[in-house]
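What follows is a short report on a single structure.
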Amino acid sequence: MVGGDSTTFRSLRIKPFHTMIPRKRRGSHSDVSNNGEHVNTVLSRRAVLTTAGAAGFLMALKDQGPRDLVVSANGFACIGGLRFRCALGAGGVRTTKREGDGATPAGRWPLREVFYRADRVGAPKTLLSRRALRKNDGWCDAPADPRYNQSVSLPYTASAEALWRTDRLYDLIVVVGYNDGPVVRGAGSAIFLHIARKNYAPTAGCIAFKRPDLLRILSLIDRNSHVVVKA
C-alpha cells in the first residue's frame, strides 16, 4: 500500500437555531415574555451542546497521551488515524530478542533521534533531534564490546554496521531506544525505523516503510512518542 489511509469522522448534523424554537400557533395567547424566556433557554442549552460537541470533536482528532506508532505483527503500523504498510524482521516479532536472530523486538520503545542522508534527502520535518549522516558513521553490533548497540566511527576495532550505504535503505534512520537503558550484551542492536525495499522484503529486525510514509510518520511523532510493537 502506498501512503496511509486516513480515518474519517462522521459529520454531525446540527439543526439551525430557529428550528429549535417552537412557532406560535394561530390563536395562541401565550405570554410574549414567557416565550422569550423559552427562546433564551433553548439558545443557552444549544450553546452548551455546541461547545461540548466541538470539544469532543477536537478530542477525537487528538491522540490520547503521547502520539505513538503502533506496529502489528501482520506488517501494518498506525499513528494519528493513519495506517501504513511496513516490513518487519525475517525472524518475526519476539518478546525475547537475541543478537543476530533477525527478529523485531515486541514492546514499547522510545524514539531517540533521526539520521538522514543530506546528499539525497532534505532534513525531515520532525520534533525529534536530527543530524546528517557522515560517511564514517557506524553502529556497533559486537556484544562483548563496550560500545555495543551504540554509534561508532568507522573503521572500528570491533564489528560494526556501516550506516552510509550505497542503496537507499538508510537515507532516513530513526533510532529506536531498544536495549539502550541499560545495554544488555547479546540482547540485540541497531533497531531502527528506516526505508523499506520495494517489495517490503523482511529486515534484520528493523521496521521499514516506504520513504513518503516514513516522512509522514516523522512529521507526526514528537519527543514523547514511542513505537509500540505488538507480538
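The values are calculated or read from the model by the stated rules, or taken from the named source; none is laboratory data. Note that this is a predicted model, so its numbers are computed, not measured. In this analysis, Cβ positions are derived from the backbone assuming ideal geometry, glycine residues included, and neighbour counts consider all displayed protein chains.
Descriptive notes on the structure:
- Scope the stretch 173-219; condition under 20 Å from Arg131 (Cβ atoms) and in a helix (DSSP H, G or I); matching residues: Arg211, Leu214, Leu215, Ile217, Leu218, Ser219
- The condition of being touching a residue at least 24 places away in the same chain (Cβ under 8 Å) and farther than 12 Å from Ala190 by Cα holds for only one of Val175, Val121, that being Val121.
- Checking Arg185 against (1) touching a helix residue (DSSP H, G or I) at 6+ places or on another chain (Cβ under 8 Å); (2) among the charged types (D, E, K, R); (3) under 19 Å from Ala106 (Cα atoms), the condition it does not meet: (1)
- Scanning the stretch 152-182 for residues that are β-branched (Val, Ile, Thr) and buried (at least 16 other Cβ atoms within 10 Å of the Cβ), we see that the one that is nearest to Pro110 (Cα to Cα) is Val176.
- Any hit, the stretch 133-148, residues being buried (at least 16 other Cβ atoms within 10 Å of the Cβ), within 19 Å of the chain's Cα centre (by Cα) and within 22 Å of Ser219 (Cβ to Cβ): no
- Residue count for the stretch 74-120 satisfying the condition of being crowded, with 22+ Cβ neighbours inside 10 Å and of a type in the set (Lys, Arg): 1.
- When Asp213 is tested against the conditions (1) under 27 Å from Ala73 (Cα atoms); (2) surrounded by fewer than 21 Cβ atoms within 10 Å (Cβ to Cβ), the lone failure is (2).
- Condition met for Glu161 (modelled with pLDDT of 95 or more and in a loop (DSSP other than H, G, I, E, B)): no
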